[in-house]
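Here's the structure we're looking at; comments come further down.
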Amino acid sequence: MGVPDSNIEPTTPDNPDTHLDIEKHSTSRRWGGMFGIILLATILVIAGVIGFQLLGILYGLIFPPDAPLPDDATEISHENLAYGSDRWVYGTDTDGCALVEFYVANDGLCVVAPGACIDGEFQFMNPNQQTIATCEGEKEFSIFALRWSVTIGTGYATAPTTRFNMEQDVLWFGASSQSDDPE
């Protein structure tokens with residue numbers, strides 16, 4: 001074994017200087033460890049927040065939502081114009097005015113032909129099919145938005161007696177800034 005270094009004094013209660021040096025060293029090590037833990041926790045929280053937002057964006061890109069659709073609607077035709085831009089023709093035996101009420105209940109703004117819906121029921125103006133309403137709406141998801149429009153026609157001679165054309169476009173740059181006010 002080696003000979004102890006005679007220049008180093010042992011730590012004893014009788015030698016306070018050596019004892020204080022050791023306490024200072026261990027206190028700075030404790031603060032360094034705490035700072036590292038706090039820094040790591042902060043980085044994890046920031047990564048979690050950013051990651052959560054990115055997951056919403058990716059989900060919206062892969063699975064964009066669809067426009068509201070009544071349960072009894074049957075697809076007659078579909079045309080994909082571009083990714084996120086589609087056009088459908090649907091049929092239903094639901095009264096055209098009930099269909100208008102469905103879209104109003106799903107945040108749609110509808111313009112109904114005068115006299116077409118009286119007391120919530122369709123009134124035949126002539127024996128031919130006719131367009132009774134146009135509805136449109138927009139809903140936001142993630143950082144994107146979905147704009148949809150529906151043109152409702154009723155009075156068809158063959159089933160389904162009510163048909164509607166639906167167009168939807170995913171707005172990849174977010175909600176539109178269109179306003180109903182002409183200011």
- Note on the structure: Taking segment 52-76 and the residues there that are in a loop (DSSP other than H, G, I, E, B) and without any contact (Cβ under 8 Å) to a residue 12 or more places away in the chain, the one that is least open to solvent (accessible area, probe 1.4 Å) would be Phe63
- How about segment 78-122: which of its residues are on the phi > 0 side of the Ramachandran plot, open to solvent by 80 Å² or more (accessible area, probe 1.4 Å) and over 22 Å from the mean Cα position of the chain (by Cα)? Asp119
- Message: Please go through segment 125-136 and give me each residue that is at pLDDT 95 or above and open to solvent by less than 40 Å² (accessible area, probe 1.4 Å), ordered by number.
- Response: Cys135
- Task: Pick out the one residue from Glu79, Glu140, Glu136 that is in contact with a Lys or Arg (Cβ under 6 Å, 6 or more places away or on another chain), charged (D, E, K, R) and closer than 29 Å to Gly174 by Cβ.
- Result: Glu79
- Query: Is it the case that segment 138-158 has a residue that's open to solvent by 60 Å² or more (accessible area, probe 1.4 Å), farther than 18 Å from Pro70 by Cα and either at pLDDT 95 or above or assigned to a strand (DSSP E or B) (or both)?
  - Reply: yes
- Scan segment 77-118 for residues that are at pLDDT 90 or above, under 12 Å from Thr134 (Cα atoms) and part of a loop (DSSP other than H, G, I, E, B) and jot them down. Gly108
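The values are calculated or read from the model by the stated rules, or taken from the named source; none is laboratory data. This is a predicted model, so every value here is computed, not measured. Don't worry about glycine lacking a Cβ; one is built from the backbone with ideal geometry, like all the others, and counts go over all protein chains shown. Only protein heavy atoms, including side chains, enter the accessible area calculation; ligands, DNA and RNA are left aside. Shrake-Rupley method; radii C 1.70, N 1.55, O 1.52, S 1.80 Å.
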